[in-house]
Structures are given as C-alpha cells and as structure tokens.
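Structure, as structure tokens:
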C-alpha cells in the first residue's frame, strides 16, 4: 500500500468518526466530567447559575451527607437486591424459553414474535397496564385473589412493603418491580441465547447422545459450557442496566413500599430537593460501584473490546 | 443398563411437559397484559368496576375512550395526539441524525485503519453502558445554563448521544457482511471513498440501515427520564411517554388511560413486527461468537 493511500485512509477514518465523537464528547464526556466536579461542590440548583471557575472547591461534604442520609443504606441494599434478582430471573426465564423453543414446531415463528412484545412495549404503556392489573379496586389480580385464593382484603401491591406468609415477612412491592423487570427484559436474553444455541455444532450433542448422555446431562455438560460466555455477558449487561434503572421503578411505585432504589434517590435529590451536589455525589458513587463488575468481566474474559 | 434407560425416559417425559408449560407461560405472560389493556380500553368503566374479570359482550364495545385520549384539551380530550406529534418529531430527528452519524462511524470502524480506532470503539461501548441517571444530573444543570431545557432540539441531542453507540454497533455487523471485494472493484473503477459508501455499501446494507433506524426510533419514542426532566413544566411539548405517565398521575378514567397506552404502543409494536427478523439478527450479531 502506498504512503499517500495510507495517509488518506488515516485521515478519512478520523473524519468519519468525528461527528459521533463530537456528539458523545458534548453530551456524555463533558457532562460526566462536570458531574464529577459538581459532586465535590456544595451547591444548590439556584446557586449553580452564578457558579464560576473561581468558586470551585474540593469538598467531601456531599458524600458525607449522602452516605449518612436517612435511608441511604436501605436504598443501596434495595438496589443490589433488585439488580441481582432481576438479572437472575431474566437470565433464567430467557434460558428456559430458548431451550423450550429449540425444536421446531408449527407456530414457533409466531411464538417467537409474541414473546418479544414485552421488550418493545413502551415502558410507560407497560407500567400503566400493570398498575391497572394490580389495582385494588378494579384490577383482575385482586379479583382473582379475593374470589379464588381466599384473600381477606384487596392488596395494594405497589405500595405494600411486605405481608406475612407463614410467619415470614415477604416483600410485596419489591417483588412486583423485580417481576416487572424480568418480564420486560427476558426477551432480550432469550434472543441472544437462541442465537448462540443455533451456533452450537450439532456433532457435539450427537456425540454426547451416542455416548448415552441423558437430556439434562447434555445440557449440563455440552450446552451450558457453550452458553457460558453469552450468559456472562448478558448477566453483566442486565446487572448494569437494572442497577441504574430509574424509569421502571419510578413509574410503577415512585419508590414507595420499600422499592426506593438509589436511582430514584438521585432524582429526588435533583428535582425535589434541588441539591445538585448530593445528586452528583450519588451518581459518582453509582458509577464507581458499576465499574467493579465491568472490570471483573473484562479481566476474566481477557478482551478489552466487544 | 436398565436404570439408565429409566432415567432417560423419565427425563424426556418431564422435560416434555416442562417445555409445553414454559412456552404456554411465556406466551400468556407476553400477550396477556397487552390484551388486558386492549380489553379494558373498550369496556365501559362501570362494567369494569362491577366485574373486573368479565369480558365485554359482543354489543358493548365502546371505543369512545380513544377519542377522549387523543382529542386536544380544548375539546375535552387529553391531548395525546399532540404528544404523539411531538414524539414523532423528536424520534424522526433522532433517527435521521443517529443513522447519519453511525453510517460514517461504522464504515470507518469496519474498513479503515486509523490511529485510535480501537480506543474510539471502546469509548462508544462505554457510553452505551453508562448510567443515564448519572448523566441526568450534569445535563440538567448544563442545559439549564445554556437555556436548552424545555427545547425539543436539546432532547434530540441527548437521544442522539444515547442511541448512536448502539446504532454504530448494529451497523458494524451489517457492513461487515458487505464483501470487501465489491468495494475494491468499485475503487478500481474509479469511485472515491464517498462514492463507494453511497453507491455500493449503503444499498447493500439497506435492510440493516432500516432495522437500525427503527431501533433508534423505538428508543427515542419510549424514552421517559430526560423527557420528564426537561419537558415536565411545558405541557405543549410533552412526548408520549411523559404524557401518558402524567395522565396516570391524575384521576383519568382507566379506559382512557388504557386507550392512551394502546395508542402509543401501536406504532412501535407494528414497526417491530414488520422488521422483526432484521432487527433480531442485527441485535444478536455478536452472540454467535460467544
């Protein structure tokens, strides 16, 4: 390849990436840097307009206030439970369905299309319908519970913290938001796992069957190792997305009934309390926590790019 | 020998039952709530309150809730048609800009070697994973200072940044499927880089381009957080996500609320079902490699 041609390729490459890079820099990189700076400023929304370069300081007061705030550790725990339970449920449901739909049958294409609907549904439509399903006055879930399951009174699922079942407190609202998120996200896991299953060489399975392996043994020793990589990637992505999820929880419960996750707290600090410093500090803490599984994944798989 | 065959037979029987149960359960879970929303939107509310589990009789379908949900406020409606127009503008603008940016970026990522290419690709992936709620705080402050809060172009800019990395990732897969030899032949025939992209690569990747555009459109149409932060005070600028959520806060009759939800769902689900095969192959392009 000639030098001129090589230089032109170099120049064209940078030129073509430039628009995307400019947008990402303006709307992601610069704001993120600003967020980190703001986390160390004691500043409220009204004062931020007057904030100049000269006023910048390094104060840990926001972090102290946020970490010592009432309910912070409960919210941190809720967030972790929510993210872990959602990830596990989403992967399990997606895997079960991908395996169940492996063998062709009449109408499989239709089933595949239908099960993807929760994933493409606008979140706000999904939460509105689910809230109606769970409504204590006219919702069918409570109607079924009272008519057939012997519930004494309707349960306002989205605001009830927990109910006693056989002497143990069972979280109600938190379970509901977890199930909602599993419902909304399992189609994506299903899609990726189906794609990966199709790429498993048929000889592997046939050989195992010839050797006398039972269906569960084939799954355990042949399919699962093949799926491990995709499962790890999906688990990482789902954990990251659930951990930071604001919209679904906010629209369903507004953080009531023991479902206040850290993302909802960020919103409360930002909009209700207009405490920019505290909201930014919470954001920085979230980013730091989310960096941990990402680094572990990149280290474990040994690839820096996907 | 006998015991192993027993195990096989039992497993096959149990798994066969489980398979049917899983498929039936998944279909019911996926379609059930949507069907319930549709039914509720056409049932008169007194009937729903009297019998939550009933179905509307053949003669008692009442589609008037759709009219009330869509009609502008001056005519006693809830203005959803206006919100849909706003969302359409925002989503179409985002889609055009995101596809334009990502066509260029994806082509460079697939075909050109340049300094910092891997770093740039890694950066875009990181952006894809970056928590929206964390960016919301500084964006709220910065856009406030620039006077961009409450403006639809400001919102488009944010949606663009949030969707371009996924669009780029999807398009990369489609571009990789275009044979290099075709491009080289065009170059030999005297095409410039721009002509190669416009006349050779884009036509061959057109289905992928459509799928990517649809995906971006869906994200922009569905987005809620930034719409809430930026547009909440100005009802005339509400997008569908914000509009339906705000209606749910007021004591709007349930059938109207359901009609609104169904109305905002129809465009995305219809588009998705039309382009399903393309979208699925684009989204899962990386999965086969594990």
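The values are calculated or read from the model by the stated rules, or taken from the named source; none is laboratory data. Since we're looking at a predicted model, the values are computed, not measured. Cβ: placed from backbone, ideal geometry, glycine included. Neighbour counts: every protein chain shown.
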Residues located in the stretch B:230-257, provided they are within 16 Å of residue B:37 (Cα to Cα) and assigned to a helix (DSSP H, G or I): B:244, B:245, B:247, B:248, B:254, B:255, B:256, B:257
Candidates A:15, A:21, filtered to the one that is within 7 Å of chain B (Cβ to nearest Cβ), at pLDDT 80 or above and part of a helix (DSSP H, G or I): A:21
Test: residue B:98 is outside any loop (DSSP other than H, G, I, E, B), surrounded by 14 or more Cβ atoms within 10 Å (Cβ to Cβ), within 11 Å of another protein chain (Cβ to nearest Cβ) and modelled with pLDDT of 85 or more: yes
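For (1) farther than 30 Å from residue A:78 by Cβ; (2) more than 8 Å from every other protein chain (Cβ to nearest Cβ); (3) touching a residue at least 24 places away in the same chain (Cβ under 8 Å), each residue gets a yes or a no:
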site	(1), (2), (3)
A:173	no, yes, yes
A:179	no, yes, yes
A:189	no, yes, yes
A:192	no, no, yes
A:204	yes, yes, no
A:212	yes, no, no
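Rundown of residues vs (1) over 27 Å from residue B:165 (Cα atoms); (2) in contact (Cβ under 8 Å) with a residue 24 or more places away in the chain, yes/no style:
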position	(1), (2)
A:21	no, no
A:30	no, no
A:48	yes, yes
A:68	yes, no
A:77	yes, no
Check on residue A:213, exposed (fewer than 15 other Cβ atoms within 10 Å of the Cβ) and farther than 24 Å from residue A:294 by Cα: no
Selection count where residues are more than 12 Å from chain B (Cβ to nearest Cβ) and in a helix (DSSP H, G or I), scope the stretch A:90-107: 2
Residue check, residue B:40 touching a helix residue (DSSP H, G or I) at 6+ places or on another chain (Cβ under 7 Å) and either buried (at least 19 other Cβ atoms within 10 Å of the Cβ) or assigned by TED's automatic domain parsing to the domain that holds residue B:257 (or both): yes
In the stretch A:24-60, residue farthest from the other protein chains (Cβ to nearest Cβ) [restricted to those that are farther than 21 Å from residue B:147 by Cβ and surrounded by 19 or more Cβ atoms within 10 Å (Cβ to Cβ)]: A:40
Residue that is farthest from residue A:185 (Cα to Cα), among those in the stretch A:84-110 that are surrounded by 18 or more Cβ atoms within 10 Å (Cβ to Cβ) and free of Cβ contacts under 8 Å to residues at least 40 places away in the same chain: A:100
Boolean, residue A:230 is within 10 Å of chain B (Cβ to nearest Cβ) and free of Cβ contacts under 8 Å to residues at least 60 places away in the same chain: yes
Close pairs (7 angstrom Cβ cut-off, 6 or more residues apart or separate chains): on the phi > 0 side of the Ramachandran plot and touching a residue at least 60 places away in the same chain (Cβ under 8 Å) in the stretch A:248-272, part of a helix (DSSP H, G or I) and buried (at least 21 other Cβ atoms within 10 Å of the Cβ) anywhere: A:257/A:173; A:258/A:78; A:258/A:173; A:258/A:174
Inter-residue pairs, beta-carbon under 6 Å, first surrounded by 12 or more Cβ atoms within 10 Å (Cβ to Cβ) and in the stretch B:54-74, second at pLDDT below 80, 6+ apart: B:68/B:77; B:71/B:77
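Yes or no, residue by residue, for (1) over 20 Å from the mean Cα position of the chain (by Cα); (2) touching a residue at least 60 places away in the same chain (Cβ under 8 Å):
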{"residue": "B:186", "(1), (2)": "yes, no"}
{"residue": "B:196", "(1), (2)": "yes, no"}
{"residue": "B:212", "(1), (2)": "no, yes"}
{"residue": "B:217", "(1), (2)": "no, yes"}
{"residue": "B:241", "(1), (2)": "no, yes"}
{"residue": "B:256", "(1), (2)": "yes, yes"}
{"residue": "B:261", "(1), (2)": "no, yes"}
{"residue": "B:273", "(1), (2)": "no, no"}
Residue A:269 vs. criteria crowded, with 20+ Cβ neighbours inside 10 Å, more than 10 Å from chain B (Cβ to nearest Cβ) and touching a helix residue (DSSP H, G or I) at 6+ places or on another chain (Cβ under 8 Å): no
Condition met for residue A:182 (closer than 29 Å to residue A:239 by Cα and surrounded by fewer than 18 Cβ atoms within 10 Å (Cβ to Cβ)): no
